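Structure in structure tokens, see below.
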Amino acid sequence: MHAAPLPIYPVSAIRDLEALAIPGAMPPLMERAGEAAATLALSLLKTPAAVLIACGPGNNGGDGFVMARLLRDAGHAVHIAFAADPERLPADAASAHAAWLAAGGETLPELPPTPPGGWALVVDALFGIGLQRPLEGRYAEWIDSLNTQPCPRLALDIPSGLDADTGRCLGPCFAATHTLSFIALKPGLLTLDGPDQCGLVQVAALGLDPQALLPAPGHSIAPGLFETRLRPRRRNSHKGSHGDVAVIGGAPGMVGAALLAGRAAASLGAGRVLVGLLDPSALSVDPLRPELMFRTATALLEGPLPNALVVGPGLGQSDNAGRCVDQAIGLPVPLLLDADALNLLALSAARQETLARRQHPTLLTPHPAEAARLLACGTTEVQADRLAAARRIARRLQAWVVLKGCGSIVAAPDGAWWINSSGNPAMATAGMGDVLSGLVGTLLAGGWNAGEALLAGVHLHGCAGDHLSATLNIDSGLLADEMSTAARHCFNAWIRPPTMRDTATWDGPAHP
Ligand SMILES: NC(=O)C1=CN([C@@H]2O[C@H](COP(=O)(O)OP(=O)(O)OC[C@H]3O[C@@H](n4cnc5c(N)ncnc54)[C@H](OP(=O)(O)O)[C@@H]3O)[C@@H](O)[C@H]2O)[C@@H](O)CC1
Ligand SMILES: [K+]
């Protein structure tokens, strides 16, 4: 069994779930949320300890009051900072506040001084999915102060200051070491600033099965999405069974990009990899990867059709490059456009219209600046709502799109979307995108459909980066060319779990 994708609900959908689940829920959902938070807190606290909970003016604050009461019952010294008007709390939060006071608890209008020995845990129950604008004044000061505490910092539902839909810090933002999100994941936990602000993310479903109440608008990426493809190869196969990948790129000065894509494609098991270079004086062999076959870009585009075509790594924006992109768009094969192929696409409305009408799968792999060019807007606008940007490109160009970056977004032409959580900042080095293109190209050439190939390629790319960072014990400086063998390792681990590999020894045919 492979890990299943998890459902993701934007705030509007969480509000719909709320409307379906809250009426009549017994115990009330806020009680369940506070209890889940207290359980997590107890796992972080060893002996009776000093805990600080900052409660806000809405239901997020209510979760904090419930949690406080339960931790106090468990023998911890719980201090609550609460600066809002208790008369204006929403009903459930008002009940939780009253129960806290009835249990002998009190609230302080300011953050109390740090006790001798420090806090054992600070909890952010200030704002959840109801955050409307940047935090300022007292709340901004509280966040700054809480963020300096050298102890576990737990955010309830979502760190205060983080936009739950976009993952953007609207201003000062709680820096959690742990986030316990209620009912389901929200997009903002997983993309842009979310992963930095959230620390370790856990979900407390509060006894609900959200997908039974409301189909999830989006999902995380996990091998369960493409597990039907994760099967050992048939023994009766040969290189022709696994597809030809053609990579077009490598203009003068940028040949390395095409090599990286080609090497990645070869390492993932493409039957054959052909590299069509635009640089007329470039290598005719890659001495470190002699398996690659070199052609000119023109010869490759006019030769026998490959099973998948990758255009863009090191392509440049010359007239010749533009002709290659136009020619590739017209070929009846799965086509992945990356890097300068995307920039050339952005430059021509006619090219975009032709692309959108293609009858064969198209995949686009922009980083935020390339996405901005495709959308004729600024990078800031793309990053302000990565999910919306990826979906707009996918719909407009009728293509499968991955918007790369922290928490890459995959969007389908029909509006479906996923968020990837594998990968790490050591991968922020030149050439990583070329490797991704090569990996996805191989899956396409192997007969995977566009969605499966892109979801798997994106997730695999991140897993390979995580595997390398862990085994090399590095946080920076991952080299793109190191990724190919790591991707091969991770992909084969998906196909053949280690247990199978260990027992699958065979001594040859039995002799009578
Ligand atoms: N969904 C569920 O089923 C469940 C939800 N649960 C919990 O409820 C949470 C959502 O609660 P919520 O809707 O009351 O919103 P919440 O985040 O507490 O804040 C709203 C308040 O903040 C205020 N405000 C906003 N921005 C502000 C700013 N910048 N600076 C200052 N004030 C600002 C805003 O005031 P206003 O904008 O009206 O001025 C309003 O008073 C959710 O995240 C989860 O923790 C759980 O109990 C389990 C079940
Ligand atoms: K919070």
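Read-outs throughout are calculated quantities, based only on the coordinates presented, and are distinct from any laboratory measurement. Note that the structure is predicted; figures quoted are calculated from it, not measured. Glycine also receives a Cβ, built like all others from the backbone with ideal geometry; neighbour counts cover every protein chain displayed.
Could you work out how far helix 386-397 tilts from the main Cα principal axis of the chain, as a 0 to 90 degree angle to the nearest 10?
Helix 386-397 sits at roughly 40 degrees to that axis.
Related question: Calculated FRET efficiency, ARG395 and ALA91, Cβ-Cβ r, R0 56 Å, to nearest 0.05?
Numbers: r = 40 Å, r/R0 = 0.72.
Calculated transfer efficiency: 0.90.
Using only the alpha carbons of the chain, determine the length spanned along each of the three principal axes and report them from longest to shortest in whole angstroms.
Its Cα atoms span 81, 70, 44 Å along the three principal axes.
Sorted from largest to smallest, which semi-axis lengths in Å does the alpha carbon gyration tensor of region 7-218 give for its equivalent ellipsoid, taking the root of 5 times each eigenvalue?
Details: eigenvalues 120, 78, 51 Å².
Square roots of five times the eigenvalues give 24, 20, 16 Å.
Using a simple spin-label model with points 7 Å from Cα along the Cα→Cβ vector, what separation in nm is obtained for SER476 and HIS2?
3.4
Quote to one decimal, in nm, the extra length available between ARG133 and LYS239 on full extension: 0.36 nm per residue of separation minus the C-alpha distance between them. Provide the component values of the computation, followed by the final result.
Working: separation 106, 0.36 × 106 = 38.16 nm, distance 5.69 nm.
Separation in residues times 0.36 nm, less the Cα-Cα distance, equals 32.5 nm.
From a point 7 Å beyond the Cα of GLU106 in the direction of its Cβ, which residues of region 121-161 have a backbone N at a distance under 14 Å?
In region 121-161, the label zone of GLU106 (backbone N under 14 Å from the point 7 Å along Cα→Cβ) covers no residue.
I would also like to ask the following. Of all DSSP beta bridges located in region 7-218, what percent are antiparallel, nearest 5?
On the way: 2 of 27 bridges.
Here the share of antiparallel DSSP bridges comes out near 5 percent.
Let me ask something additional. Could you work out the Rg to Rh ratio of region 27-148, with Rh taken as the Kirkwood radius (inverse of the mean 1/r over all Cα pairs)?
A ratio of 0.93.
If you wrap a convex hull around the alpha carbons of region 122-259, what volume per residue comes out, as a whole number of Å³?
Per-residue hull volume (Cα only) is 233 Å³.
So, one more: Restricting to DSSP loop positions (anything but H, G, I, E, B) with no more than 12 other Cβ atoms inside 10 Å of their own Cβ, which trypsin sites (Lys or Arg not before Pro) remain in region 173-265? Intermediate results must be reported in sequence, preceding the final value.
Numbers: sites: ARG229, ARG233, ARG234, ARG235, LYS239, ARG263; in loops: ARG233, ARG234, ARG235.
Counting only loop positions with at most 12 other Cβ atoms within 10 Å, the trypsin sites (Lys or Arg not before Pro) in region 173-265 are ARG233, ARG234, ARG235.
Name the long-range amide H neighbours of ASP286: under 5 Å, sequence gap of 5 or more, or other chain; modelled H, no Pro or chain starts.
So ASP286 has HN proximity to LEU292.
Taking GluC sites (Glu not before Pro) as candidate sites, keep only those in a DSSP loop with at most 15 other Cβ atoms within 10 Å, then name the longest stretch of the chain containing none of them. Mind dumping the intermediate values first?
On the way: sites that count: GLU106, GLU110, GLU136, GLU291.
Between exposed loop sites, the widest span is 292-512.
Now a separate question. In the chain, if the dipole is taken from +1 on Lys/Arg beta carbons and -1 on Asp/Glu beta carbons about the Cα centre, which of LEU200, GLY462, LEU40 is farthest to the positive end?
Looking along the dipole axis, the top candidate is GLY462.
Could you compute the net charge surrounding SER267? Neighbours are other residues with a C-beta less than 9 Å from the C-beta of SER267; K and R count +1, D and E count -1. Mind dumping the intermediate values first?
Details: positive: ARG263, ARG289, ARG488; negative: none.
Computed value for this residue: +3.
What lysines sit close enough to LYS404 to cross-link, taking a C-alpha to C-alpha distance under 30 Å and skipping anything fewer than 8 places away on the same chain?
Within the straight-line limit of under 30 Å, LYS404 reaches these lysines: LYS186.
If you don't mind, another one. Ratio to report: Rg/Rh of region 300-378, with Cα atoms as the point set and Rh obtained by the Kirkwood method; give two decimals. Write down the numbers at each step before the final one.
Working: Rg = 11.8 Å, Rh = 12.6 Å.
Radius of gyration relative to Kirkwood radius: 0.94.
Can you show me the helix-derived [θ] at 222 nm for the chain, built from DSSP H runs with n ≥ 4 at -39,500 (n - 2.57) apiece and divided by the number of residues, rounded to the nearest 500.
Using -39500 (n - 2.57) per qualifying helix, the result is -12000 deg cm²/dmol.
Under 5 Å between amide H atoms, partner at least 5 residues away or on a different chain: which partners does ILE8 have, H built in plane at 1.01 Å?
Those qualifying (amide H under 5 Å, at least 5 residues apart or on another chain) are GLY218, HIS219, SER220.
What is the dipole size for the chain, taken about its Cα centre, with +1 at each Lys and Arg Cβ and -1 at each Asp and Glu Cβ, in debye to the nearest 20? Please report the intermediate quantities before stating the final value.
Values: 35 positive and 44 negative charges, 313 e Å.
Taking the Cα centre of the chain as origin, the dipole is about 1500 debye.
Report the gain in length on full extension from THR354 to THR228: 0.36 nm times residue separation, minus Cα-Cα distance, nm rounded to one decimal.
Numbers: separation 126, 0.36 × 126 = 45.36 nm, distance 3.27 nm.
So the extension gain works out to 42.1 nm.
Using θ = phi - 60° and the Karplus relation 6.51 cos²θ - 1.76 cosθ + 1.60, list the HN-Hα couplings for region 240-248 in order, rounded to whole Hz, with x at every Gly or Pro.
x, 6, 10, x, 9, 10, 10, 10, 10
What ratio of Cα Rg to 2.2 N^0.38 Å holds for region 378-446?
Values: Rg = 12.7 Å, N = 69, 2.2 N^0.38 = 11.0 Å.
That works out to 1.15 for region 378-446.
Tell me whether region 223-496 comes out rounded, prolate or oblate; compute the Cα gyration tensor, take square roots of the eigenvalues as a ≥ b ≥ c, and use a/c under 1.5 as the rounded threshold. Let's see the in-between values first.
On the way: a/c = 1.28, a/b = 1.05, b/c = 1.23.
Because its axes are fairly even, with a/c under 1.5, region 223-496 counts as rounded.
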